[in-house]
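Accompanying notes for the structure given below.
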Amino acid sequence: MSTALGIEMKTTAVPMIEDKDGQRVADALSNVLADTFVLYLKTHNFYWNVTGPMFHTLHQMFEQQYNELWLAVDAIAERMRSLGFIAPGSYGEFNRLTYLQESPVARNASEMIAELLRDHETTARTARSAFAAARTAVDAATEDLLTQRLAAHEKAAWMLRSLLAEE
């Protein structure tokens, strides 16, 4: 095969990861993607609807968190595409794949914090499970992505947990 630069390149159809391992990684990433998107949507909802004496602090924190989650959704989906798999992208698929529970109507600030804390902890567990699949597949790039996701969810959980702590 000749490129636009006139360089001869050989192409082979050798998968980067074994098919069965790649499918396991893609399935695990689908769960991480679904959890991340549902958490993004919930955090954005709470950002819009938070009230009370901690409004300003929570409004800013929720905004930072949903922006970080939005970027993560894209990175996870792009990793799936890099592995040759289709990323889920509908509410129905996300609802089927997520481990998070949908939130009823807007709540008070303390309930919002507690729910986001639970969801970050759940999403961290989902990412850990996906990490195990990536490790088995010897997929360092996915391991790296999931390490970053774990750190982000653990940090968010720590911050939310701190808001609920008694002095």
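Out of the residues in segment 143-156 that are in contact with a Phe, Trp or Tyr (Cβ under 8 Å, 6 or more places away or on another chain) and under 16 Å from R24 (Cβ atoms), which is surrounded by the most Cβ atoms within 10 Å (Cβ to Cβ)?
L146
Yes or no: segment 48-70 includes at least one residue that is closer than 16 Å to K155 by Cβ, small (G, A, S) and touching a residue at least 12 places away in the same chain (Cβ under 8 Å).
no
Counting only residues that are farther than 15 Å from H120 by Cα and either β-branched (V, I, T) or modelled with pLDDT under 95 (or both), how many does segment 65-80 have?
Within segment 65-80, residues that are farther than 15 Å from H120 by Cα and either β-branched (V, I, T) or modelled with pLDDT under 95 (or both) number 1.
Residues checked against (1) surrounded by fewer than 16 Cβ atoms within 10 Å (Cβ to Cβ); (2) part of a helix (DSSP H, G or I); (3) touching a Cys at 6+ places or on another chain (Cβ under 9 Å):
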site: D74; (1), (2), (3): yes, yes, no
site: E78; (1), (2), (3): yes, yes, no
site: P88; (1), (2), (3): no, no, no
site: G92; (1), (2), (3): yes, yes, no
site: P104; (1), (2), (3): yes, no, no
site: E111; (1), (2), (3): yes, yes, no
site: A127; (1), (2), (3): no, yes, no
site: A133; (1), (2), (3): no, yes, no
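The values are calculated or read from the model by the stated rules, or taken from the named source; none is laboratory data. Keep in mind the model is a prediction, meaning the values are calculated, not measured. A quick note on method: Cβ atoms are made from the backbone with ideal geometry, for glycine too, and the neighbour counts reach across all protein chains shown.
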